[in-house]
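*Asks:* Have a look at the structure that comes next, please.
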Amino acid sequence: METWRCGEEAASRLRGLIGSGRVDCRGRGMDAYGRTLATCAVSGVELNRTMVETGWATAFRKYSQDYVREEDQAKAARRGIWSSQFQQPEEYRAAQAITRSGAPARHAPAYLAAPSRN
């Protein structure tokens, strides 16, 4: 099985969307950990929604139903990360936290099967 660093590819896609534009973020509240929740845009293009629509980000269903429809459509069309097998971002972050704490990691790395190149 070929592997790829899907997180790095997603970051590259986000940089491409931003280009030299100015990112404007609007806070929408705080999460349970005191972190700001925000929606960000460049030249009127909502980055959050666009990344999910194009398959380079996932909806964070645990906390919100925002972007679920867009994720379902990207998954059905096998866009971006959905063209492969991958580890959900929240699982990857949890595994990284365990690894940093010294406890054994229970999850695979955040890069798995590369998309088929058919």
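*Asks:* Applying the selection to segment 1-51, what residues are among the small types (Gly, Ala, Ser) and in a strand (DSSP E or B)?
*Replies:* Result: GLY27, GLY29, ALA38, ALA41.
*Asks:* Let me ask you something else. So which residues in segment 1-25 are small (Gly, Ala, Ser), open to solvent by less than 70 Å² (accessible area, probe 1.4 Å) and more than 22 Å from PRO89 (Cα to Cα)?
*Replies:* If the condition is that a residue be small (Gly, Ala, Ser), open to solvent by less than 70 Å² (accessible area, probe 1.4 Å) and more than 22 Å from PRO89 (Cα to Cα), then GLY19, GLY21 are the ones that fit.
*Asks:* Follow-up question, since we're still on this one. Could you grab me the full set of residues in segment 33-42 that are modelled with pLDDT under 95, over 15 Å from the mean Cα position of the chain (by Cα) and over 22 Å from GLU91 (Cβ atoms)?
*Replies:* GLY34, THR36
*Asks:* Further question: Starting from residues that are in contact (Cβ under 8 Å) with a residue 12 or more places away in the chain and among the acidic types (Asp, Glu), keep the ones in segment 36-68 and report whichever is surrounded by the fewest Cβ atoms within 10 Å (Cβ to Cβ).
*Replies:* By that ranking, first place goes to ASP66.
*Asks:* Look at segment 69-91 and say how many of its residues are open to solvent by 30 Å² or more (accessible area, probe 1.4 Å) and modelled with pLDDT under 95.
*Replies:* 6
*Asks:* Kindly provide the set of residues from segment 52-68 that are at pLDDT below 85 and not in a loop (DSSP other than H, G, I, E, B), ordered by number.
*Replies:* Matches in segment 52-68: none.
The values are calculated or read from the model by the stated rules, or taken from the named source; none is laboratory data. Given the structure is predicted, the values throughout are model-derived calculations rather than measurements. Quick reminder, even Gly has a Cβ in these numbers, built from the backbone with ideal geometry, and neighbours come from all protein chains shown. Each accessible area value is taken on the protein alone, full model and side chains, heavy atoms only, with ligands, DNA and RNA left out. Shrake-Rupley method; radii C 1.70, N 1.55, O 1.52, S 1.80 Å.
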